[in-house]
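The values are calculated or read from the model by the stated rules, or taken from the named source; none is laboratory data. Everything numeric in this text was worked out from a predicted model, so none of it was measured. All Cβ positions, even for glycine, are placed from backbone atoms using ideal geometry, and neighbour counts span all protein chains on display.
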Amino acid sequence: MTELDEMGPVDYLCIEFPSGSLTGGALPLLLDLVDRRVIRVLDLLFARKSPDGSVVALDGRELELSGLGAFHGAASGMLGGDDLSEIGNLLEPGGAAVLLVYENLWAAPLARTLRRAGAHLVGGGRIPIQELLAALDASEPEEKPEETAFMSGR
């Protein structure tokens with residue numbers, strides 16, 4: 001059995017900081033997920049888009065974010081120049097971003113069992129919270145239904 005056979009699903013997040021300020025406020029929460037073995041960070045890339053539109057990768061050691069040292073070994077080699085260009089397409093000038101690639105360790109046992117059963121993932125995705133809330137708002141009835149004898153207990 002190879003390591004790939006044992007892995008959980010792998011996802012990525014690209015998080016923009018429009019002000020360009022990477023404060024590290026969410027870092028303790030990310031460390032907690034790693035410590036509790038909910039996720040495993042496979043790769044982490046920091047980038048900044050200058051006002052002239054050029055995009056540069058930032059060295060995590062230069063950011064001086066408390067707790068970032070825990071991820072100095074998180075470089076799977078998956079992220080490269082194409083990813084940096086793609087981040088540049090997403091960012092506003094003056095913005096900064098974090099690209100995080102992680103394994104969902106919590107789902108690894110389910111993924112292993114499904115693979116052993118011959119199952120294949122044929123779809124998936126993520127629903128942005130804004131879209132979910134808009135859909136829920138749109139599905140709420142505009143008025144309360146008239147009370148029926150059943151509802152009033154008669």
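So the values come out like this:
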| quantity | calculated |
| --- | --- |
| Selection from the stretch 77-119 of residues that are of a type in the set (A, V, I, L, M, F, W, C) and more than 18 Å from the chain's Cα centre (by Cα) | LEU110, ALA111, LEU114, ALA117, ALA119 |
| From the options GLY77, GLY118, residue that is on the phi > 0 side of the Ramachandran plot and modelled with pLDDT of 90 or more | GLY118 |
| Selection count, the stretch 26-52, where residues are more than 13 Å from the chain's Cα centre (by Cα), closer than 14 Å to ALA97 by Cα and surrounded by fewer than 16 Cβ atoms within 10 Å (Cβ to Cβ) | 1 |
| Selection count where residues are surrounded by fewer than 10 Cβ atoms within 10 Å (Cβ to Cβ) and in a helix (DSSP H, G or I), scope the stretch 102-136 | 3 |
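Residue-by-condition table, conditions (1) over 20 Å from ARG40 (Cα atoms); (2) at pLDDT below 90:
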residue: TYR102; (1), (2): no, no
residue: LEU110; (1), (2): no, no
residue: ILE129; (1), (2): yes, no
residue: ASP137; (1), (2): yes, no
residue: SER152; (1), (2): yes, yes
